[in-house]
Amino acid sequence: MKVVLNRKLQDILMRLPRTLLFLLMTSATLISTAEKPLISAADELAGILDTIRSDSITVDYPENNSVFPPDIVAPTFMWHDPTPATNWAIFVKDADGYVSVFYSDGAQHPLEIDPDAVSEANAHYRPSAYAESSRHWTPDETIWENIKRISTGKAVDIYIAGLPKSANGDPISLGHVRISTSTIPVGAPIFYRDVPLMPSRNTSGKISPLSKDLMHLMKWRLRDISKPEAPVVLQDMPTCANCHSFSTDGKTLGMDMDGPNGDKGAYGIVPVEKNIVIENQDILSWNTYEDTPDGHMNFGLFSQISPDGRYVISTLNEDTFVANYPNFGFLQSFYPTRGILVVYDRTTGRMFPLPGADDPRFVQTNAVWSPDGKELVFSRAPAQDAFASLKVPTYAGDDGEPDIQYDLYRIPFNQGKGGKALPVEGASNNGKSNSFAKFSPDGKWIVYVQAARGQLMRPDSKLYIIPASGGTAREMNCNLTPMNSWHSWSPNSRWLVFSSKGMGPFTKMFLTHIDENGVDTPAILIPNSTAANRAVNIPEFVNGEVDAIEKISAPSQESYKLYKQSKLFADQDQLDRALEIINQSLALNPYYAKGHYRKGTILLQMNQTNEALSCFIDANKYDPEMAEAYDFVIYYYMQNEGIDKAIDYMIGLLNRIPVNPLAEKTLADLYLRRGDHSLAIQHYINAAQSKRYPADFYGHIGSSLLKLGAYKEARICFERALEIDPDNANVIYSLGIYYQKTGYFEKATALFRQAVELDSNSGAHYDLGVLAMNENHLDAAVFHFKKFLQKRPKVTVARNKLASIYYMQGKLHESAVQYEMILDEDPENISALLLLSKIYATSANPQIAHPERAITLSERGCELTGYKQPVYLDSLAVAYASAGRYSDAVAMSEKALHHIHISATNNPSLLHHIESNLSLFKSRLEQ
C-alpha cells in the first residue's frame, strides 16, 4: 500500500472516525498529487458506503443528474440529516472509482441582507424551518475546479456521510447525488435587473410594487458566471426602465425609459460598448405612432430588437391589466388584453403595424424574432377589457383577474409586409395560456411559458420546449415550484437562463443545460446574484465578452443623483444650495416631474410662492397624475384666483390623461364645492369606473354621491368597496346610511349594528342612537351616543341629543354637564344656552339650581338674537324670576309678547305659555 500524504490531507483524514479511516486505509491508495484524486478506492469502499443508512440524508441541492457549466463558480451543496450527526465527510467518486474525501461542519453562511430593501411588507419574512435546518458545504475554488475536471463529460457520485460526536463512532447517515460538468461553457454574460420586493400603499391606499421614492434601489448587473458576483452597470435610475432586449449579434441594446412630458412609451436604442451613454437623441416614443387612438398613451410592451438591430417590434394601442398586491412574493399581475404589433424601422424612422398581427379583435403581444429575422412568434388571444370583472382581485391568480389564455402564433416578417398568422402546433389550443416564446439561436427550438391564464410571472407558470417548427410540447425538467419565467438562450444554444421562486419568494436566477435533442437538466442556481432579500428578473444573455458592458449612464441617471443631493441640502436648510443643485438636475433631465416638484417645495420654503406654482405646474406637465403637484396648484388657485381657475386646471389634466380616477374625484369635489351637482355626480361616477383602488376610495365617492342624492350610484360604489373589503366598517356604515335615506330602516339598523361590531368606535353609534331615541329606547340611545362621543367629543349634535335624553329622563345634573361641555366648545350655541338656562332656572334641586348662571346664559342668547326672539326673551324672563327679579321678569315677558304680535308668529302654545308666565310674574310682584 503506497501512501503519499500532505498536511492538508492528513488533517482531513485525522478528523474521520477511526473505523471509517481503517476501512479506507485498507481498501484504498491515498495520493495527494495535483494530477490525481486524493484517494484511489477499490470496490470495498463502495460496499462500505452501501452499508450505511443510504436513505437517511436528503440532498436538496443540486438535484440528481444536474449538469454544471464548466465556467460556473462553486455551488453550495445543501442537505438535511435527521440523525444526531455533527460533522460530515464528503466523498467524490469519479467514473474510474477514484474517491476524493472532504470534511464539513455543515454550517450555513450568514445571509447577505440589503438593509435598504427591508420594509413593512417583507420584514416579517423568515426562511422556512426546513430551509433554516439545512446543512451546507461550498467547495473552495481549488476543490471545485478538481470536481469539474473529473466530472467533465461524465458523472461523478457524491456521498455525504454523517459523523457522530464521538471520534471513534461509525458514520450514522448517508446521502448521495450524481452530477456532471458539460464540455460546453455558457460562454456569455447575463444582463439582469436586481430589484427589491417592497410593495407599499400611498396616501390614497393605492398599492405600488415599489414606491417612486425607492426607484433608485433598482440595479442592473452583468454577470460573468465564472466570477463570484456581478458588478452593477446601471443604478440610481428614477424610473423602473422595465424591459430590455439585445440584438442576436449582441451589438444593440433596447431599453424602456421614461421620456418627455411623462411619456411612458419612451424607448432607448444604443450600441453595446463598454461605457454606454443613452442620450435624449437615442430615445424614440411609441406615442408618435400615428394610428394611436385619441387620448390613449402607449407604453410599448415587450419591445424586441431584430437580430440585425434594424427593427424593433412592440405591442401598442394596448389595454393592460395591472394589479398590485401587498404580498411581496407575487406583488403584481401584468398582462395585456388588447394590442397590436407595431414595427419601428430605425433606418427610415417609420412606425407601421405588422399586417396579420394588427387585428383589434385580438390582443397580439410578446413578439420574438426568429434567429434569421424572417418570422416572428407572438402570443394572441381574443381581446377583452382589462378591468371587465366587477370582482377586484387581491392576489395573483385570483378569479377577479381577466381569464385570458394566449396561443402562440407565427407570422412571416416579409420585410415588414407581414402575412397570415398561424397557430404554433403544440403551443396553441391546449386549454392553457402560452406566452413569452424564445427561439434558440441555432433555430431548432422554442421555449415558452405555460400557465392557466395570463403570462410570465404566474405562480403556476412552467417552461415548455417545442421544435421551432412546432410539434409536441415537453414540460422541462428544470421547472421548480412556484413560478418559472423570464428565460433567455445562451448564444451557443446549449444553456437557458430563467427566473424562479423555487428557492423562496425572492426570485433567483437559474441555468439548465439543453442538449441537441432538446432534453434539459435540473436547475442550477447562479449563486450570489443579489442579496438574499432582493430579487432577480429579466435575465438575458448578451452575445459578447463577459465584460462587454461596464457602465450604462443616461441623463436621467445623473439628474437623479443631483436630485438626491438637493434633498440633503434642503433638509439641512441650505436652501440656496439646494436650489442650485436641483436646477443642475433639471438641466440634465427637464422631463423629470419629481425634480420640478422638488424645486417647487424648495421655493415654497424660500417664500417664493408664485415661482413655486410654476414648478408644480411643470411637474404636472410631465406627470399629469402627480396628485401632490395638482393639490398645491388647486389650493393656490382657490386662495388667489377662484374655484373656476382650479376647475379649468383639472379639466386640462384630464384631457391629457383621460383615465385618472384620483383626478376625476378631485374635479368632482371642486364641482360639488361650486354647487354644480350634476357635473360633480358625473365625475364621481367616472372616478368609480376604475377597479384598481382600495375600498375606502369607493366608499368616499359613494358618500359624496349620497349627499348629492345620486342614491343608485352611491349604492354601486358601496357594494364595489365591499367586494374589495367585506369587513370595512366605514363602508358598511355608509351603506346603512343609504338604506336609512331610502326608507329601509331595518336594513339600515342591521348594517349599523354590523359596523359597530367590526369597529367599536364606528360613527354608526350615532345613527343607532337616533333610531333608539325615535323608538323611545332611551337607555340604548344613551349607550350609543356615549360610545360615539368617546371618539368624537366635539360633535355637538350628538352631545345635544345626549343632553336632551338626560333631560327627558329627569337626570338634570347629567344633562347640565353635557350642555356645559357643548358651551365649552361653542360658547354661542343658541340651543345649549337656552336649554341649560332652563335647567338652572327651574330645577327644584338646590344642588342644580343656579339662577345667576341662568340669567347669564339667557342674556347671551338674547344678545345673539338681538333681543327679538320670543322664546329667548321668555327664557330670560324665567331666569330673572328664579332670582327673584320679578319686575325684570315682567318686563321681559311683555317684550316677548310684543315681538310675537309684531312678527305675526303663529304659535298659540308659545303665546299661551308666555301669557301664563307674565300673569305668574305679576302676581309674584304684587306679593
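The values are calculated or read from the model by the stated rules, or taken from the named source; none is laboratory data. As the structure is a computational prediction, the values presented were derived from the model and not from experiment. FYI the Cβ positions are ideal-geometry reconstructions off the backbone, even for glycines, and counts take in every protein chain you see. Calculation scope for accessible area: heavy atoms of the full protein, side chains included, ligands and nucleic acids excluded. Shrake-Rupley method; radii C 1.70, N 1.55, O 1.52, S 1.80 Å.
A few points about this structure:
- Antiparallel bridge percentage (DSSP; both residues within the chain; nearest 5): 90
- Near Val73, once Lys and Arg are set to +1 and Asp and Glu to -1 for all other residues with Cβ below 12 Å from its Cβ, the sum equals -3.
- Relative contact order (percent, whole number), the range 191-553, Cα cutoff 8 Å, 6+ residue spacing: 15
- In this view, the solvent-accessible surface of Met638, computed with a 1.4 Å probe and all protein chains in place, comes to about 50 Å².
- 14 Å beta-carbon shell around Pro482, net charge (K/R +1, D/E -1): +3
- Efficiency of FRET between Thr394 and Gln605 - r from beta-carbon atoms, R0 30 angstrom, step 0.05: 0.15
- The orientation-averaged shadow of the Cα convex hull for the range 191-553, equal to a quarter of the hull surface, comes to 16.6 nm².
- Placing +1 on the Cβ of every Lys and Arg and -1 on the Cβ of every Asp and Glu, with no other charges, gives the chain a dipole of roughly 800 debye about its Cα centre.
- Residues in the range 324-339 carry Karplus couplings, in order, of 9, 10, x, 6, 5, x, 10, 8, 8, 10, 8, 6, x, 10, 9, x Hz; the curve used is 6.51 cos²θ - 1.76 cosθ + 1.60 with θ = phi - 60°, and Gly or Pro positions show x.
- Acute angle (nearest 10 degrees) that the helix 555-571 long axis makes with the longest principal axis of the chain, alpha-carbon atoms: 50
- Acute angle (nearest 10 degrees) that the helix 627-640 long axis makes with the longest principal axis of the chain, alpha-carbon atoms: 30
- Take each peptide in 181-192, 96-107, count the other Cβ atoms within 10 Å of every residue, and average; sorted highest first, the result is 181-192, 96-107.
- Of all aspartates and glutamates in the structure, the ones whose alpha carbon falls short of 13 Å from that of Lys274, not counting any fewer than 8 places away in one chain, are Glu545, Asp547, Glu550.
- Taking the square roots of 5 times each eigenvalue of the Cα gyration tensor of the chain, largest first, gives ellipsoid semi-axes of 74, 37, 25 Å.
- As a length-normalised measure over Cα pairs under 8 Å and 6 or more apart, the relative contact order of the chain settles at 7 percent.
- Along the range 413-428 the Karplus relation, 6.51 cos²θ - 1.76 cosθ + 1.60 evaluated at θ = phi - 60°, assigns HN-Hα couplings of 7, 6, 6, x, 8, x, x, 8, 7, 10, x, 7, 4, x, 10, 8 Hz to successive residues, with x for each Gly and Pro.
- Each stretch of four or more DSSP H residues adds -39500 (n - 2.57); spread over every residue of the chain, this sum gives -11500 deg cm²/dmol at 222 nm.
- For the range 669-713 versus the range 533-586, the spacing of their alpha-carbon centroids is 40 Å.
- Packing around the peptides 468-475, 297-304, taken as the average count of other Cβ atoms within 10 Å per residue, puts them in this order, highest first: 297-304, 468-475.
- Whole-Hz ³J(HN,Hα) from phi, Karplus 6.51 cos²θ - 1.76 cosθ + 1.60, for the range 753-760, glycine and proline x: 5, 5, 5, 6, 5, 6, 9, 5
- Taking amide H atoms as placed 1.01 Å from N in the peptide plane, the amide H of Phe68 lies under 5 Å from those of Ser180, Thr181, Ser182, each 5 or more residues away in sequence or on another chain.
- Shape call, the range 569-695: gyration tensor on alpha carbons, a/c limit 1.5: prolate
- Protection proxy ranking of 132-142, 623-633, by the mean of other Cβ atoms within 10 Å over each peptide's residues and highest first, is 623-633, 132-142.
- A cut-off of 5 Å between modelled amide H atoms, ignoring neighbours fewer than 5 places along the same chain, links Asp759 with no other residue.
- Helix 870-882 axis, angle to the chain major axis (alpha carbon atoms, nearest 10°): 70
- Accessible area in square angstrom per residue, the chain, 1.4 angstrom probe: 44
- Projecting the Cα positions of Asn607, Trp220, Ala680 onto the charge dipole of the chain (unit charges on Cβ atoms of Lys, Arg, Asp and Glu, taken about the Cα centre) puts Ala680 furthest along the positive direction.
- Candidate lysines for bridging to Lys420, where Cα separation is under 25 Å - those fewer than 8 sequence places away on the same chain excluded: Lys374, Lys432, Lys438, Lys444
- Under-5 Å amide H pairs with Thr320, H placed in peptide plane, nonlocal only: Thr337
- Per-residue SASA remark: His176, around 80 Å² accessible (1.4 Å probe; ligands, DNA and RNA not included).
- Candidate lysines - alpha carbon under 24 Å from Lys786, same-chain residues fewer than 8 apart omitted: Lys741, Lys747, Lys794, Lys801, Lys811, Lys838
- Student exercise, the range 38-181 dipole from Lys, Arg, Asp, Glu Cβ charges, in Debye to nearest 20: 300
- Of the GluC sites (Glu not before Pro) found in the range 260-333, those in coil by DSSP whose Cβ has at most 11 other Cβ atoms within 10 Å are Glu279, Glu290.
- Carbon/sulfur fraction of accessible area - the chain, other protein chains in place, 1.4 Å, %: 50
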